[in-house]
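Participant: This structure is in structure tokens; I'll ask about it shortly.
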Amino acid sequence: MYKKIKQDFLNPICDDWYKFKGSELVTSYESGTVFLEYHNTTSLFKNQHVRNPFKIQPTSVVFAEMKGKGMLLPHRDHGVKTGLNYYISADQDITSFYKTKNNEVLGFNYPGQSTSNIYNQDDVVEIDRFVANSNEAYLLDISQIHSVERISSNSRIFIGYQWADHAYEEVLDSLL
């Protein structure tokens with residue numbers, strides 16, 4: 001589901017993390033008052049690494065910024081099975097994981113998507129949660145239903161390493 005990873009692969013000192021944002025917006029989501037954007041940063045970010053922690057290279061690396069207070073509804077990510085988030089600015093937001101209350105719950109589609117991946121809070125039961133701090137890294141099984149509760153009005157910023165074709169356990173077992 002998730003695991004805190006020893007963060008010894010990135011230089012945590014950076015004069016301006018926004019320089020990794022890049023101009024290519026990969027995707028964006030809106031959930032009530034919470035807004036999330038992913039920007040492609042693969043080529044921009046390489047020099048920030050102290051070492052390469054991956055035997056299995058990520059499919060993509062994104063700069064993510066989440067704004068607004070409230071809840072990013074329970075969901076499964078589209079096109080990605082596993083993610084490793086390095087939190088630059090986390091501000092006590094809560095990441096929760098869920099299971100559906102019964103097998104008949106299918107969820108609903110995000111506008112523009114063909115797969116039902118969003119769930120009503122009433123249709124799921126929380127099974128675990130964590131609060132990330134700045135300069136921490138977590139490996140996440142984002143094929144599982146999860147949400148983010150935004151506590152702070154400050155931006156939540158992270159670098160997201162994403163694996164489209166590799167399951168959580170496979171990536172976890174391959175980390176150096």
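Please treat every number below as a calculation from the coordinates, not as lab data. Only a predicted model underlies this, so the values are computations on that prediction, with no experimental measurement involved. Cβ coordinates were reconstructed from backbone atoms using ideal geometry, including for glycine residues, and neighbour counts include every protein chain displayed.
Participant: Mind checking the full-extension length gain between S143 and E126? Use 0.36 nm per residue of separation minus the Cα-Cα distance, one decimal, nm. Mind showing how you got there, number by number?
Facilitator: On the way: separation 17, 0.36 × 17 = 6.12 nm, distance 1.53 nm.
Extra length available between S143 and E126 comes to 4.6 nm.
Participant: Also, quick follow-up: May I ask you to list the GluC sites (Glu not before Pro) in region 39-147 that are in a DSSP loop and have at most 10 other Cβ atoms within 10 Å of their Cβ?
Facilitator: Filter output for region 39-147: E104.
Participant: Within region 17-55, name every residue whose backbone N is under 20 Å away from a label modeled 7 Å from Cα of L172 along the Cβ vector.
Facilitator: Within reach of a label on L172, which here means backbone N under 20 Å from a point 7 Å along Cα→Cβ, region 17-55 contributes 53-55.
Participant: How far, in nm, would the chain grow between W17 and S116 when pulled straight, counting 0.36 nm per residue and subtracting the alpha carbon separation?
Facilitator: Difference between extended and current length: 32.3 nm.
Participant: Right, another one. What Rg and what Dmax come out for the chain when only alpha-carbon atoms are used, in angstroms?
Facilitator: Expressed in Å, the Cα Rg and Dmax of the chain come to 15.6, 49.
Participant: Can you give the longest stretch of the chain with no exposed loop site, where a site means trypsin sites (Lys or Arg not before Pro) in a DSSP loop (not H, G, I, E or B) with at most 13 other C-beta atoms within 10 Å?
Facilitator: Counting only loop sites that pass the neighbour cut-off, the longest clear stretch is 102-176.
Participant: Something else: Relative to a virtual label point 7 Å from the Cα of Q92 in the Cα→beta-carbon direction, which members of region 119-136 show backbone nitrogen distances below 14 Å?
Facilitator: Flagged as within label range: 131-134.
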